[in-house]
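Here's the structure, in structure tokens; my notes come after.
The values are calculated or read from the model by the stated rules, or taken from the named source; none is laboratory data. Just so you know, these numbers come straight off a predicted model, no measurement behind them. Ideal geometry is used to build each Cβ from the backbone, glycine not excepted, and the neighbour counts take in all protein chains shown.
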Amino acid sequence: MRSFFKIFFASFLALIVFVFIGVLLLVGYIASATSGDKPEVGSKAVLVVDLTKQYNEQKQDDPMNLLSGNADENVPGLYDVVRMIEYAKSDSSVKGIYVKADDNANGFAASEELRNALIDFKKSRKFVIAFGDVISQKAYYVASAADKLYCNPKGTVDWRGLATTLFFLKGALDKLEIEPQIFYAGKFKSATEPLRAYQMTEPNKLQTSVYLNDLYSRILLSAQDKSKLDTARLHELANTGAIQTASEAVRYKLIDGVKYDDEVKSEIIQNIQIEPTRKINFISLGKYAKAVDFKPTEGSRIAMIYAEGEIIDGKGRDGEIGSDTYRNLIRKARLDKNIKAIVFRVNSPGGSALASEEIWREITIAKKAKPVVVSFGDVAASGGYYISCNADSIFAEPTTITGSIGVFGIIPNMKKFMNNKLGITFDGVKTGPFADMPSAIRPLNPAEKHFIQNTVDTIYSVFKGRVAEGRKLSVEMVDSIAQGRVWTGQRALTLRLVDRLGNINDAVKCAARMAKLTSYQLKEYPESKNFIEKFLNKSTEEVRVKAIKEEIGEEQYSILKQLRNLRNMISVPQARLPFELTIR
């Protein structure tokens, strides 16, 4: 027995020493990887803008990249990308930009910002070359701003027009004997259509057709700039399917030529004037972000608050706009005497109506203390518009999806499903007729339906009132353009739902002017988490999502995500867009 304990304690001590040494090595590695040492840009660098990467509002630091030594692969935020492209104009180390244009993972408004940044970069007389094997329409929209746009000789340039498809659950719910008891305000508020209809209603078809054609017109105009063909001719080419190959895209001057990857690299080598045998100094945006100081660090402070994702009650997770979290962030910026103005960047389809009201309240208070300017991203609709409408000024891109001023609620009746499909029954007692309302295990009676519809109508009335107050419009005017209808930023400008068309940088400059600042720096919120927080937050969620996507595919995962969102909507009045907009 003595021998056993001797071996046991010796092994246990060895394990402790091993773990201790491992922790020290890990901490040392992280410390070296996160040290302030800047990488070298080097001479004759070519900045790489990869459109297949999604540039969210804030940078996406992957702790796995750090541990594997690939920190340069971290994806900067959209505004970081725009600022880096602007910085590269005057950076003598950077000779040009190479755009990877196989696909575009970014929304239309983000694509607009990227495209305009490339157009501005060309003023430096440095080259911009874009290349793709299979160029999607959204990728083309950005890449067509390049001096030269090439496609693989055996590749394709997608030129078919835009389409969006909704999936409808009404038939499945009928078969399962689940009754989705739905309450909504606004004839265009189509978020509940997949549950109450077998196909799109006429109002929804109308609004979708209008904003889809608005987005398509931007693509046509970009192609017109490139090809010098008028938009009517370009539309005809799409409608007749005239462009099926890369060679046909060259014939109609949508692209500048067909080249293989090595031929494009050879052209870049000629542009930067290096030996043909030398390797091109391609610089990723992640590496460039670490190598250069593209953010001002002097002057008065402007708070930049990024609000991206669904609006929910409580704290929320990464990628969500939790009412408690954002109320505290806005309050913190308001009370900080060193912060002279606030820019609120909104990229959200909306969500909880109550959470939206709470954030609206905090913006309203902040506005009394210092200038508050809102910048819309890809989507700022329903609750996303609610939290923004009382700012001093609102900026949107022409392709921003906004509006959708309306409210809905869902309470499913699962009684027949439980009884007939699962054999489950329920019984109980209550002290009053409404004590168990709302209940998913029985149908609502007429009085209960009246109560809930009245709640939805009341929230809608308050929503319209908030918009009328913030935008200095009559409630009648707001009601005529509300009704849950979705608008593009271009149309929202004429409807006075936004003040100006412009990007996030325009909004920052406006805030600086309002605060009478000649020099300024940005304090960005939410603040970056440390390595351990990022590592713990990332691991389980991202691994799970990646595994599901690999099994069922990206499109099917999108449907699954919408079903999960539906679960979060139940019994909570919602101010949000009609499901997830997928445009291809």
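In region 209-238, what count of residues is obtained for those that are outside any helix (DSSP H, G or I) and free of Cβ contacts under 8 Å to residues at least 12 places away in the same chain?
1
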Evaluate region 380-398: report whether one residue or more is surrounded by 24 or more Cβ atoms within 10 Å (Cβ to Cβ), within 16 Å of the chain's Cα centre (by Cα), more than 16 Å from residue 524 (Cα to Cα) and charged (D, E, K, R).
-> yes
Would you pick out the residues in region 483-502 that are at pLDDT 95 or above and assigned to a loop (DSSP other than H, G, I, E, B)?
-> 495, 496, 497, 498, 499, 502
Surrounded by fewer than 24 Cβ atoms within 10 Å (Cβ to Cβ), in contact with a helix residue (DSSP H, G or I) (Cβ under 7 Å, 6 or more places away or on another chain) and outside the structural domain of residue 108 (by TED's automatic domain parsing), is that true of residue 308?
-> no
So residue 302, is it buried (at least 19 other Cβ atoms within 10 Å of the Cβ), within 22 Å of residue 505 (Cβ to Cβ) and in contact with a Phe, Trp or Tyr (Cβ under 6 Å, 6 or more places away or on another chain) = yes
Restricting attention to region 422-444, the residues that are polar (S, T, N, Q) and either touching a residue at least 40 places away in the same chain (Cβ under 8 Å) or under 23 Å from residue 176 (Cα atoms) (or both) number exactly 2
Enumerate the pairs (first residue in region 455-479 and over 19 Å from residue 187 (Cβ atoms) and modelled with pLDDT of 95 or more; second residue anywhere and part of a helix (DSSP H, G or I) and of a type in the set (Ser, Thr, Tyr)) with beta-carbon separation below 7 Å, excluding pairs fewer than 6 apart on the same chain, so at least 6 apart or on different chains.
-> 466/386
From (1) surrounded by fewer than 19 Cβ atoms within 10 Å (Cβ to Cβ); (2) of a type in the set (Ser, Thr, Tyr); (3) modelled with pLDDT of 95 or more; (4) within 21 Å of the chain's Cα centre (by Cα), pick out the condition that doesn't hold for residue 528.
-> (3)
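Per-residue answers, yes or no, for (1) crowded, with 24+ Cβ neighbours inside 10 Å; (2) at pLDDT 95 or above; (3) of a type in the set (Val, Ile, Thr):
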site	(1), (2), (3)
318	no, no, no
324	no, yes, no
343	yes, yes, yes
347	no, yes, no
364	no, yes, yes
367	no, yes, no
371	no, yes, no
Every residue from region 416-449 that is among the acidic types (Asp, Glu) and surrounded by fewer than 12 Cβ atoms within 10 Å (Cβ to Cβ) = 427
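Does residue 320 count as acidic (Asp, Glu), under 30 Å from residue 517 (Cα atoms) and touching a strand residue (DSSP E or B) at 6+ places or on another chain (Cβ under 7 Å)?
Spelling it out, it is not the case that residue 320 is acidic (Asp, Glu), under 30 Å from residue 517 (Cα atoms) and touching a strand residue (DSSP E or B) at 6+ places or on another chain (Cβ under 7 Å).
Could you check how many residues of region 74-102 are within 23 Å of the chain's Cα centre (by Cα), assigned to a helix (DSSP H, G or I) and not β-branched (Val, Ile, Thr)?
Looking only at that region, the number is 6.
Could you tell me whether residue 190 is closer than 24 Å to residue 574 by Cβ, among the polar types (S, T, N, Q) and in contact (Cβ under 8 Å) with a residue 60 or more places away in the chain? Give the derivation first.
On the way: closer than 24 Å to residue 574 by Cβ: yes; among the polar types (S, T, N, Q): yes; in contact (Cβ under 8 Å) with a residue 60 or more places away in the chain: yes.
Considered against the rule, which asks whether it is closer than 24 Å to residue 574 by Cβ, among the polar types (S, T, N, Q) and in contact (Cβ under 8 Å) with a residue 60 or more places away in the chain, residue 190 comes out as yes.
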Cβ pairs under 9 Å, 6+ apart, first in region 382-404 and free of Cβ contacts under 8 Å to residues at least 40 places away in the same chain and assigned by TED's automatic domain parsing to the domain that holds residue 112, second of a type in the set (Gly, Ala, Ser) and surrounded by 24 or more Cβ atoms within 10 Å (Cβ to Cβ) = none
Whichever residue in region 292-340 is among the small types (Gly, Ala, Ser) and in contact with a Ser or Thr (Cβ under 9 Å, 6 or more places away or on another chain) and, among such residues, is farthest from residue 375 (Cα to Cα) | 314
Looking at region 256-315, what strands (runs of 3 or more DSSP E) fall wholly within it and have at least 1 residues that are touching a residue at least 12 places away in the same chain (Cβ under 8 Å), closer than 30 Å to residue 337 by Cβ and over 25 Å from the mean Cα position of the chain (by Cα)?
-> 300-308
